[in-house]
1. For the stretch 33-46, which positions are assigned to a helix (DSSP H, G or I) and either more than 14 Å from LEU20 (Cβ to Cβ) or at pLDDT below 95 (or both)?
2. Considering the stretch 11-53 alone, what residues qualify as being touching an Asp or Glu at 6+ places or on another chain (Cβ under 8 Å) and either exposed (fewer than 12 other Cβ atoms within 10 Å of the Cβ) or farther than 24 Å from LEU132 by Cα (or both)?
3. Kindly indicate the residue of the stretch 67-123 that is of a type in the set (Gly, Ala, Ser) and part of a helix (DSSP H, G or I) and also modelled with the lowest pLDDT among those meeting that condition.
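The values are calculated or read from the model by the stated rules, or taken from the named source; none is laboratory data. Fair warning: this is a prediction, and the values are worked out from it, not measured in the lab. Here the Cβ is made from the backbone with ideal geometry for all residues, glycine too, and neighbour counts use every protein chain on show.
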Amino acid sequence: MTAEPPPRVRLCLPAIRESLPLIRHVIATLVETQALPPRRQEQVLIAVGTAAAGAVRHAHQRGPPPREVVIEGHVDPGRLVITVIEEGPGSVALLGSGDVPGGLALIGAFADRLELGPGSEGGLSTRMSFCLGGNTRP
């Protein structure tokens with residue numbers, strides 16, 4: 001008998017506010033299948049929602065929509081990893097600036113690990129890792 005592969009999600013949606021409820025719903029479904037207490041599940045959803053809302057906001061700052069936001073989620077051994085990728089030029093200036101906007105501070109408060117890097121087309125990739133099992137935050 002072979003083990004089931006770990007859950008994996010990939011969404012590619014228009015970077016508009018109307019996409020945010022669908023992102024939350026899909027990520028909530030992934031989160032609910034993990035060994036996380038309800039409070040921690042909500043923290044994950046807040047972090048992902050904050051990153052996705054920021055990506056939508058940045059997509060409209062420079063150039064006309066439609067741009068896209070990509071959400072990827074998967075389970076590695078012992079952790080849930082969710083990445084939000086902005087397809088536009090929105091926040092690249094944040095990298096290396098030393099400033100930590102409120103949204104990133106909130107994400108960093110909830111994620112066990114937060115990584116920022118370049119996304120496609122000059123955008124920003126926000127990768128959040130959350131420990132599973134007994135290694136979760138209080």
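1. PRO38, ARG39, ARG40, GLN41, GLU42, GLN43, VAL44
2. Answer for the stretch 11-53, where residues must be touching an Asp or Glu at 6+ places or on another chain (Cβ under 8 Å) and either exposed (fewer than 12 other Cβ atoms within 10 Å of the Cβ) or farther than 24 Å from LEU132 by Cα (or both): CYS12, LEU13, PRO14, ALA15.
3. First pass over the stretch 67-123, keeping only residues of a type in the set (Gly, Ala, Ser): 73, 78, 88, 90-91, 93, 96-98, 102-103, 105, 108-109, 111, 117, 119-120, 122-123.
Pick out the ones that are also part of a helix (DSSP H, G or I) and you get 93, 102-103, 105, 108-109, 120, 122.
Values: ALA93: 49, GLY102: 74, GLY103: 84, ALA105: 87, GLY108: 92, ALA109: 93, SER120: 64, GLY122: 64.
It comes out as ALA93.
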